[in-house]
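J.: Sharing a structure below in structure tokens format, with a few things to ask.
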């Protein structure tokens, strides 16, 4: 399948996000030095750097117990509220698992967070792949496709409670009768409610995303794999009369030379924490490999791929700033609207990305838009404090 790239994709500047390192161990399962910290003080500073470097979103991870080297974890929604209070423009996405949350409780939390933050709270609904977290909490563990049935109901209830009065739904996993939450989310031009992100690479995930998600997140993918994901979601969305947007995960290694970047990647893999990576590989068999068609997250991931636990190396954002910008534009051509990034040394490399890579991306986006008979809408670019829109565009 070939994705359809609407004119708005060329007109709208690519949005940037980063993984919030609220879980210990960094973003690679390796003993290589990672000048990154999982505690709040570091993350508060990182969030301020990110929003001043052109980033519009941050995604807070949800882990509850030690796994793949992540021995210590802060809870995602509480951490997100802290980051919202520490920033002015950055939107914070909290990862949440159906089965551990009720959609009505999440809706109430999200409305409150929306009011507190002036409309900057969002959620990423994660169907879940780590069986031990559910089983050890005494919670039901569903087979792969049923997890997506539950997730779809969860999102339908969540959206209904955010937008409707006296909402009801009689589903397989959720029964809600005549609920009216007050207040409702803030009324903000350009959105119907706080944004709902959702991810997964499987056929079931793509179908679910098309029917109910505002944003579809993909694990790291090569160009062909990502194009297939986008096309699958678009096919489902067309049947439902919807138009979701698309995000992609990628691990960034930007260096002065390609040789230096590739050497860094080789060092990360050479210093992989083998027992942790192998344990992770065993756990993720509950994901893509457990589907009827054998497709989905981590279904074809090698040991080297799994060292970055969201397949971020597959996106190949590795090289000089110019090479990385070129690679990003290739993804934009097949539908990416948002890039979710990870780094070895978050604070310094997020700042470097905003300084060295992003200006090249913006130049190339403008050229791409003109090549498709339109203009990049610079009015949509994020603006740092004290910087005019004209200065930001320049």
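J.: If packing is taken as the average count of other Cβ atoms within 10 Å, what order do 26-37, 311-322 fall into, highest mean first?
T.: 311-322, 26-37
J.: Given a Förster distance of 35 angstrom, what is the FRET efficiency for residue 326 paired with residue 242, based on the Cβ-Cβ distance and rounded to 0.05?
T.: 0.65
J.: Work out the FRET efficiency for residue 100 and residue 302 from their Cβ-Cβ distance, taking R0 = 41 Å, and round it to the nearest 0.05.
T.: Step by step, r from the Cβ atoms, then E = 0.85.
J.: Calculate, in nm to one decimal, what residue 8 and residue 137 gain on full extension: separation in residues at 0.36 nm each, minus their alpha carbon distance.
T.: 42.0 nm
J.: Moving to a separate point now. Neighbouring Cβ atoms within 10 Å as the yardstick, rank 324, 155 fewest first.
T.: Listed from fewest to most nearby Cβ atoms, that is 155, 324.
J.: Would you give the gap between the C-alpha center of the range 186-243 and the C-alpha center of the range 46-103, rounded to a whole Å?
T.: 20 Å
J.: Ratio to report: Rg/Rh of the range 7-393, with Cα atoms as the point set and Rh obtained by the Kirkwood method; give two decimals.
T.: With Rg and the Kirkwood Rh in hand, the quotient comes to 0.94.
J.: Next question. Pairs of Cα atoms under 8 Å, at least six residues apart: use those to get the relative contact order of the chain, whole percent.
T.: 23 percent
J.: With a 10 Å cut-off between alpha carbons and a GNM built on the chain, which of 363, 75, 304 moves the most?
T.: For the chain, modelled as a Gaussian network with Cα springs under 10 Å, the answer is 363.
J.: Just 148, 309, 174 to compare: in a GNM of the chain, with alpha carbon springs under 10 Å, which one fluctuates most?
T.: Of the options given, 174 has the highest mean-square fluctuation.
J.: Under a point spin-label approximation (7 Å from Cα along Cα-to-Cβ), what is the residue 89-residue 375 distance to one decimal in nm?
T.: 2.1 nm
J.: As a footprinting exposure proxy, order 355, 147 by other Cβ within 10 Å, with the fewest listed first.
T.: Taking fewest neighbouring Cβ atoms as first place, the list is 355, 147.
J.: Moving to a separate point now. Between residue 180 and residue 257, what is the spin-label point distance in nm, taking each point 7 Å from the Cα along the Cα→C-beta axis?
T.: 6.9 nm
J.: For the residues 1, 100, what sequence is obtained by ranking on other C-beta atoms within 10 Å, fewest first?
T.: With the fewest neighbours first, 1, 100 line up as 1, 100.
J.: While we're looking at this one, here's another question. Looking at the square roots a ≥ b ≥ c of the eigenvalues of the Cα gyration tensor of the range 325-388, which shape do they give, rounded for a/c under 1.5, prolate if a/b is larger than b/c, or oblate?
T.: Since a/c reaches 1.5 but b/c is at least a/b, the shape of the range 325-388 is classed as oblate.
Only the coordinates and a few stated rules stand behind these numbers; no lab work does. Note that this is a predicted model, so its numbers are computed, not measured. All Cβ positions, glycine included, derive from the backbone under ideal geometry; neighbour counts span all protein chains shown.
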